[in-house]
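Here the structure comes first, spelled out in structure tokens, and everything after it is commentary.
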Amino acid sequence: MSATANSELLTITLADGAKRLRAGEITSRELTRAFLDRIAATDDRVRAFVTVTEESALAEAEQADSLLSSGDATAPLTGLPIGLKDVLMTKGVRTTAGSRMLDTLVPPYDATVVSRLQEAGAISLGKLNMDEFAMGSSTEHSAWFPTANPWDLQRVPGGSSGGSAAAVAAQQCIATLGSDTGGSIRQPASFCGVVGLKPTYGRVSRHGLIAFASSLDQIGPFTRTVEDAAMLLQAIAGPDPLDSTCYDAPVPDFDAELDRGLDGLRVAAPREFFSDGMHDDVATTIEAALDLLSANGAIIDRSPSMPSVPMALPVYYILAPSECSANLARFDGVKYGYGARQGESMWADMEATRKHGFGREVKRRILLGAYALSAGYYDAYYLQAQKVRTLIRREFDRVFAEHDVIVAPTAPTVAFKQGAITDPYQMYLNDIFTIPANIAGLPAISIPGGFGADGMPVGLQFVGQRLDESTLLGIANAYEQLADWSTIPPSNVGST
Ligand code: GLN
């Protein structure tokens, strides 16, 4: 295959790839090979992958091609190569969650989303880098190595799903899965100029997702287009007997709603989402996006106020560490992965395991959580945070009584330089606009919304009503068609 044909394959979408595979214009083997070659050519600089599963990917591509050529390829994603955040359990494939604690973990089962993607015919190219146990906003907290932003290799890709976002931006995968507890899909999507969707809490099964904060975690797609996000969500959504928090509600046909347009759509722009800490270049870009939406039929209402929204960040930093301190108690050196063996006593071994197995940020979260849950502080912190969580939920309900969707910036800045943020609190501020949707369990999407300082991408965020991903996808798709921002970084991260 010629170099041009090869690079042309790398910008393919899931929707287009599915058509071309079925029409016999390309084969899954060619497609899979092209992405594997791209990974080999670029990943020494991008460092998105923790594990590349070349052999199984090529074997699956062969199988897909025989189904396609015999006309038996009924599954929607047949033969399309994707990548998985390393927080998702994959049978027989090392799964680390970015932590030394799970250095040697090879899971005996697949996460529900992983088996659903297999049933849908997708091919996994491997496992993607992340902040340790999904705690972070820059992928600098991975125990292995930091991932670079394909738009500027000196900058971070965002986090915690930085590998998943960078892999799509660097054209190493057509699409990937990530997880979002406080913004970990949307913020890296914003930093890397791709689409990132956090579904409604309970829309997608969390079975086999290594838990961070169980009342907030959701799995969702990274893609180059909104249409692809709908396709991937369709494949992974729906009830699962292995996750009791998963909704029983039937999954709508997301594709059917994509072309609903903007006419008469009631869009709230609550002032609390347009304030604290937003850099000027982000503000200007978002304003231009709002103008484009209103010029094309959307009704933008700037009057709603959500006074509890500024509380979402402190509430999150009580609740998420509290849940994490409970969830991470299972890593004791006995059951999974890394275990220090000093031999003095069981307690000494456990202490050494947790001391060496966890990184600094994870330890900080465990300490914060254990403190907030301890006798005497529980009422003042954890219980209080739960009450404010209810207030935030109610404020969203109030806004959605009169509006279809909320619009906001995804992150207050564009991607920052590696090593630039060392203060944990400054790092936490990255999620000021994404956390509210997690607190309320609502679906939210980040799509490319333009470019800010130094030509870096800026994400535009839409938050929808519970289980109403369809409206979100509709407005996001309409904006994408109008604005038509490039999702291909100009910098050459590797020759093709
Ligand atoms: N950056 C946030 C944190 O560090 C959110 C992470 C996430 O969504 N997993 O907790």
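The values are calculated or read from the model by the stated rules, or taken from the named source; none is laboratory data. Quick caveat: nothing in here was measured; it's all calculated off a predicted structure. Cβ: placed from backbone, ideal geometry, glycine included. Neighbour counts: every protein chain shown.
Details
Condition check ((1) within 22 Å of the chain's Cα centre (by Cα); (2) among the polar types (S, T, N, Q); (3) within 16 Å of the ligand (Cβ to nearest atom)) across all residues:
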residue	(1), (2), (3)
P252	yes, no, no
F274	no, no, no
L293	no, no, no
G297	no, no, no
A312	yes, no, yes
A320	yes, no, yes
A329	no, no, no
G337	no, no, no
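- Residue list for the stretch 299-323, restricted to those being surrounded by fewer than 17 Cβ atoms within 10 Å (Cβ to Cβ) and not charged (D, E, K, R): I299, I300, S303, S305, P307, P310, P314
- Residue in the stretch 36-43 that is in contact with a Cys (Cβ under 9 Å, 6 or more places away or on another chain) and in a strand (DSSP E or B) present: no
One line per residue, one yes/no per condition, for (1) of a type in the set (S, T, N, Q); (2) touching a helix residue (DSSP H, G or I) at 6+ places or on another chain (Cβ under 7 Å); (3) closer than 30 Å to L258 by Cβ:
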{"site": "A348", "(1), (2), (3)": "no, no, no"}
{"site": "G357", "(1), (2), (3)": "no, yes, no"}
{"site": "G376", "(1), (2), (3)": "no, no, no"}
{"site": "Y381", "(1), (2), (3)": "no, yes, no"}
{"site": "K417", "(1), (2), (3)": "no, no, no"}
{"site": "D431", "(1), (2), (3)": "no, yes, yes"}
{"site": "D454", "(1), (2), (3)": "no, no, no"}
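- Number of the exception - L197 against (1) among the aliphatic types (A, V, I, L, M); (2) out of contact with any Leu (no Cβ under 7 Å at 6 or more places or on another chain); (3) buried (at least 24 other Cβ atoms within 10 Å of the Cβ): (2)
- Of all residue pairs spaced 6 or more apart or on separate chains, those with beta-carbon atoms under 7 Å, a first member in the stretch 413-429 that is in contact (Cβ under 8 Å) with a residue 24 or more places away in the chain and part of a loop (DSSP other than H, G, I, E, B) and a second member that is among the β-branched types (V, I, T) and surrounded by 15 or more Cβ atoms within 10 Å (Cβ to Cβ) are T413/V282; V414/V282; V414/V458; A415/V156; F416/V156; Q418/V156.
- Qualifying residue in the stretch 396-404 (condition: buried (at least 20 other Cβ atoms within 10 Å of the Cβ), within 16 Å of the ligand (Cβ to nearest atom) and at pLDDT 95 or above): no
- Of all the listed residues (D263, D248, D253), the sole one being farther than 30 Å from G369 by Cβ, surrounded by fewer than 20 Cβ atoms within 10 Å (Cβ to Cβ), of a type in the set (D, E, K, R) and without any contact (Cβ under 8 Å) to a residue 12 or more places away in the chain is D248.
- Check on A143, touching a strand residue (DSSP E or B) at 6+ places or on another chain (Cβ under 8 Å) and more than 18 Å from V195 (Cα to Cα): no
- Restricting the stretch 142-163 to residues that are away from the ligand (no atom under 15 Å from the Cβ) and not in a loop (DSSP other than H, G, I, E, B), the residue that is farthest from T422 (Cα to Cα): D152
- Residue within the stretch 356-379 that is modelled with pLDDT of 95 or more, surrounded by 14 or more Cβ atoms within 10 Å (Cβ to Cβ), within 14 Å of the ligand (Cβ to nearest atom) and not in a helix (DSSP H, G or I) present: yes
- Leading residue by the ranking (surrounded by the most Cβ atoms within 10 Å (Cβ to Cβ)) among those in the stretch 462-477 that are in a helix (DSSP H, G or I) and among the hydrophobic types (A, V, I, L, M, F, W, C): L472
- Residue within the stretch 440-452 that is assigned to a helix (DSSP H, G or I) and modelled with pLDDT of 95 or more present: yes
- Number of positions in the stretch 115-141 that are among the hydroxyl-bearing types (S, T, Y) and near the ligand (Cβ under 10 Å from one of its atoms): 2
- Residue in the stretch 280-290 that is under 17 Å from H403 (Cβ atoms), out of contact with any Cys (no Cβ under 9 Å at 6 or more places or on another chain) and not small (G, A, S) present: yes
- Members of the stretch 266-283 found to be assigned to a helix (DSSP H, G or I) and either surrounded by 15 or more Cβ atoms within 10 Å (Cβ to Cβ) or basic (K, R) (or both), listed by number: R271, E272, F273, F274, D281, V282, A283
- Y428 vs. criteria of a type in the set (F, W, Y) and either away from the ligand (no atom under 16 Å from the Cβ) or surrounded by 24 or more Cβ atoms within 10 Å (Cβ to Cβ) (or both): no
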